[in-house]
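Throughout, read-outs are computed from the coordinates displayed, never taken from laboratory work. For clarity, every value in this text was computed on a predicted model and none was experimentally measured. Note: ideal-geometry Cβ built from the backbone for every residue, glycine included; neighbour counts use all protein chains shown.
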Amino acid sequence: MKTWAVARFTLKETIRTKTMIFGLIFSLLYLAVVPMLSTSGGGTAVVGDIDQTAAGRDFLGFALGGLNFIGMAMAIFTTLGAIYTEIERGTILSLVTKPLHRWQIIVGKWMGHVLLMSGYVLIMGLALWLSVGVGSGVFIWRFFPAIALVCLNIITMVSLTLVFSTFLPVIANAIFVFIMFIFTSNLRIISAIGETSDNIILVIFSSALRLILPVSEVSELASLALAGKTPGSQSIVASETSVFAPRSWSFIYEITYIAIMVFLATLVFRKKDLSQSA
Amino acid sequence: MPAAIDIQGLTKVYGFAKDEVKAVDSLELKIDKGEVFGFLGPNGAGKTTTVQMLMQIIFPSSGTASLLGKPLGDVQARDKIGYLPELFQFHNFLKADEFLQFHASLYGMRASERRVKVDEVLELVGLSENSKSRIGTFSKGMLQRIGIGQAIINDPDLLFLDEPTSALDPIGRRDVRDLILRLRDQGTTIFLNSHMLSEVEMTCGRIGILNKGRLIRISDLDSLVKPAHCVDVVADELTGETMEKIRTLATRLEESSGRLTVTLEREEQIRELARMIMDSGANLLEFTPRQVPLEDIFMQTIEENA
């Protein structure tokens with residue numbers, strides 16, 4: 001109940017931040033643009049001879065990619081100062097001196113951010129699905145498992161940013177998280193270098209590095225889910241090497257990754273001095 | 001019956017090697033239930049660090065302590081502990097009643113219980129009329145009041161107040177003083193960190209003086225203030241011989257703009273002093289006996305231990 005009180009409070013607090021408001025305005029613009037694109041070709045100009053279902057699926061794939069990116073960016077920006085800013089401001093004192101375990105504060109904060117961002121993704125996803133569906137006349141139900149995977153990605157970014165926010169100031173946290181995100185999103189380049197130079201170790205190494213932040217792989221899994229394909233059946237990217245094909249267990253790994261991140265955050269916060277006076 | 005606060009060898013060290021600073025050094029202190037204890041000391045003495053260690057905001061480098069018979073950090077014990085930090089910061093977007101509702105929920109109170117308690121506390125800290133105002137719009141005094149509100153919302157058995165009146169006007173200070181006395185009468189143990197020595201004098205039964213991290217004096221306020229007596233003297237034509245005699249009689253002598261402030265150990269020495277000055281042939285213009293204020297005792301203690 002106390003953890004839930006912290007979660008509700010976090011949700012209330014975060015929804016009022018400028019970052020969230022800016023993100024919502026941007027999302028509304030995005031919602032306005034996607035249906036225009038899906039109806040602009042009337043199912044012919046843009047898609048050529050592909051059938052209506054494929055056209056709808058492509059638009060949803062495009063919308064899903066955008067939502068995945070906007071959602072992850074919003075998850076990062078809204079969670080950056082979750083703990084550190086509270087320590088800096090001194091507002092954390094009123095929480096840690098109450099009859100709560102420190103892990104309850106971390107879990108409460110995490111739950112607040114997760115609820116907010118998951119709610120955001122689900123509402124946005126539903127709105128996109130409806131607008132694309134109404135625009136193209138095709139309602140693709142496979143969109144929902146894909147949205148669940150996008151949700152998982154967003155929870156991952158919340159969890160990772162929360163860990164850093166227990167000990168890093170906002171800007172340092174942003175730099176670290178974005179570097180990790182950009183690095184793990186571009187591991188194919190390292191792999192390609194390995195392939196070109198026949199360096200198999202570099203290829204395997206770049207594949208293994210995907211475990212540092214599994215969001216890119218799960219994003220691809222979401223695209224596969226939307227396309228109705230199973231991992232390994234067909235690559236998303238034609239030129240993709242086999243080591244970079246998304247693995248079906250990656251979303252299970254991502255769930256484990258989230259649990260580890262939350263555990264790490266509680267571990268760092270557990271014995272941290274919270275006064276700035278020293 | 002276990003003590004409300006039992007501190008054994010509590011130490012906090014900041015920095016490493018040459019830069020090492022002992023903010024609190026081997027503190028030993030026992031405070032009984034129902035006591036109002038004044039914790040005094042100059043800036044940087046380690047008062048806030050001590051309270052922060054007791055509240056587990058920071059962790060001791062060594063030593064142990066218990067609150068209400070439970071080890072530091074015990075969540076059950078915190079159910080009956082209230083805390084007002086120095087320079088308390090708030091979540092400004094909340095309204096006063098929302099803020100207290102939130103803090104009450106952290107004590108596990110049910111919604112119906114919370115509503116009653118929040119109204120009661122708002123009334124107690126004089127913010128009933130501002131219950132729907134955002135905390136961001138509050139004055140410093142109002143912020144301090146709402147801070148006290150969150151500290152007492154759980155009817156604490158043990159209350160830590162770190163500079164509770166620093167931002168308050170005289171009326172606010174009097175209100176807080178009355179509140180402390182009321183809580184004391186209800187049996188609440190209060191640990192008061194304050195620079196307002198007059199306030200400590202009016203509310204505390206016992207004081208401890210901390211300087212450079214070390215507890216240099218601990219005493220009942222009665223036995224500290226009452227035995228010493230102070231006399232303000234203004235006199236013309238005081239000879240060197242008379243001054244020497246006064247110096248011998250006094251435990252402390254201060255001279256400022258022709259006024260002598262003589263501290264004496266016993267009350268009967270006041271008459272002796274008056275006679276001594278009159279017999280010397282000096283022209284006595286003013287002779288005002290008074291008790292030694294806590295401020296003088298505080299200054300003297302700090303100077304002696306500098």
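Let me check I've understood the local charge: for residue A:79, count other residues with C-beta under 14 angstrom from its C-beta, Lys and Arg +1, Asp and Glu -1. What total comes out?
Once all neighbours under 14 Å are counted, the net charge is -1.
Most fluctuating residue of B:79, B:236, B:185 in a GNM of chain B with Cα springs under 10 Å: which is it?
Of the options given, B:236 has the highest mean-square fluctuation.
Can you list residues whose amide H is under 5 Å from residue B:210's amide H, if they're 5+ apart or on another chain and H is modeled 1.01 Å from N?
Counting only residues 5 or more places away or on other chains, the set is B:40, B:41, B:216.
Taking K and R as +1 and D and E as -1, what net charge do the other residues with C-beta under 12 Å from the C-beta of residue B:46 add up to?
+4
Place +1 on the Cβ of every Lys and Arg and -1 on the Cβ of every Asp and Glu in chain A, take the dipole about the Cα centre, and give the residue among A:63, A:133, A:82 whose Cα lies farthest towards its positive end.
The Cα lying farthest towards the positive end belongs to A:82.
Residue-wise, which Karplus ³J(HN,Hα) couplings in Hz belong to region B:138-143, taking 6.51 cos²θ - 1.76 cosθ + 1.60, θ = phi - 60°, and x for glycine or proline?
6, 6, 4, x, 5, 4
Mind running the shape call on region B:45-145? Use the C-alpha gyration tensor, a ≥ b ≥ c as the square roots of the eigenvalues: rounded below 1.5 for a/c, prolate if a/b tops b/c, oblate otherwise.
Oblate.
Return the sequence-ordered ³J(HN,Hα) values of region B:20-36 in whole Hz as given by the Karplus equation 6.51 cos²θ - 1.76 cosθ + 1.60 applied to θ = phi - 60°, using x for Gly and Pro.
For region B:20-36, the Karplus curve yields 5, 10, 8, 6, 9, 10, 6, 6, 10, 7, 10, 10, 6, 5, x, 7, 10 Hz.
Structure shown: which of A:109/B:140; A:12/B:12; A:18/B:132; B:212/B:245 lie over 26 Å apart, alpha-carbon to alpha-carbon?
Result: A:109/B:140; A:12/B:12; B:212/B:245 exceed 26 Å.
Based on Cβ point charges of +1 for Lys and Arg and -1 for Asp and Glu, what charge dipole magnitude is obtained for chain A about its Cα centre, in debye rounded to the nearest 20?
That gives chain A a dipole magnitude of about 1220 debye.
Quick one: longest stretch of chain A between exposed loop chymotrypsin sites (Phe, Trp or Tyr not before Pro), exposed meaning at most 14 other C-beta atoms within 10 Å and loop per DSSP?
A:1-138
I want the local charge near residue A:101. Using Cβ-Cβ distances under 12 Å, sum +1 for each Lys or Arg and -1 for each Asp or Glu among the other residues.
Local net charge: +4.
With +1 on each Lys and Arg Cβ and -1 on each Asp and Glu Cβ, how big is the dipole of region B:203-246 about its Cα centre, in debye rounded to the nearest 20?
620
Work out the length of the dipole vector of the protein assembly as shown about its Cα centre, built from +1 on the beta-carbon of each Lys and Arg and -1 on the beta-carbon of each Asp and Glu, and round it to the nearest 20 debye.
My answer is approximately 2000 debye.
Given 0.36 nm per residue, what is the gain on full extension from residue A:89 to residue A:29 after removing their alpha carbon distance, in nm?
18.3 nm
In percent, how large is the relative contact order of region B:129-247, given Cα pairs closer than 8 Å and 6 or more residues apart?
Computed value for region B:129-247: 18 percent relative contact order.
Let a ≥ b ≥ c be the square roots of the eigenvalues of the Cα gyration tensor of region A:85-200; is it rounded (a/c under 1.5), or, if not, prolate (a/b larger than b/c) or oblate?
Cα axes put region A:85-200 in the oblate bin.
I'd like the mean, over residues of B:53-61, of how many other protein chain beta carbons sit within 10 Å of each residue's own Cβ.
Taking all residues of B:53-61 together, the mean is 4.
Counting other Cβ atoms within 10 Å, keep those with at most 16, restrict to DSSP loop, and tell me which GluC sites (Glu not before Pro) in region B:180-244 are left.
Taking region B:180-244 and a limit of 16 other Cβ atoms within 10 Å, the loop GluC sites (Glu not before Pro) found are B:237.
Can you tell me the FRET efficiency between residue B:284 and residue B:166 if r is taken as the Cβ-Cβ distance and R0 is 30 Å, rounded to the nearest 0.05?
The formula returns an efficiency of 0.15 here.
So the label point goes 7 Å from the Cα of residue B:214 along Cα→C-beta, right? Which residues of region B:47-74 then have their backbone N under 20 Å from it?
From region B:47-74, the list is B:47-51, B:61-64.
Enumerate the aspartates and glutamates that residue A:271 could reach by cross-link, defined here as Cα to Cα under 19 Å, with residues fewer than 8 away along the same chain left out.
Result set, ordered by chain and number: A:86, A:88, B:74.
For the residue pair residue B:265 and residue A:62, what label-to-label distance in nm results when each label sits 7 Å from Cα along the Cα-to-beta-carbon direction?
9.6
Pick out, from B:37, B:102, B:253, the residue whose Cα sits farthest towards the positive end of the charge dipole of chain B, with +1 on the Cβ of Lys and Arg and -1 on the Cβ of Asp and Glu.
B:102
Considering Cα pairs under 8 angstrom that are at least six residues apart, work out the relative contact order of chain B and quote it in whole percent.
Relative contact order comes out at 19 percent.
Can you tell me, using C-alpha contacts under 8 Å and at least 6 residues apart, the relative contact order of region A:107-218 as a whole percent?
Taking the mean separation of contacting Cα pairs over the length of region A:107-218, I get 22 percent.
Please compute the average number of Cβ atoms from other chains found within 10 Å of each residue's Cβ in peptide B:103-109.
6
How much FRET efficiency would the formula 1/(1 + (r/R0)^6) give for residue B:251 and residue A:271, where r is the Cβ-Cβ distance and R0 is 56 Å, rounded to 0.05?
The value I calculate is 0.70.
Give a residue-ordered list of calculated ³J(HN,Hα) values for region A:192-207 (Karplus: 6.51 cos²θ - 1.76 cosθ + 1.60, θ = phi - 60°; whole Hz; x for Gly, Pro).
Running phi through 6.51 cos²θ - 1.76 cosθ + 1.60 with θ = phi - 60° gives 4, 4, x, 5, 4, 8, 6, 9, 5, 4, 5, 5, 5, 4, 5, 5 Hz.
For region A:61-152, state which trypsin sites (Lys or Arg not before Pro) are in a DSSP loop and have at most 16 other beta carbons lying within 10 Å of their beta carbon.
A:142
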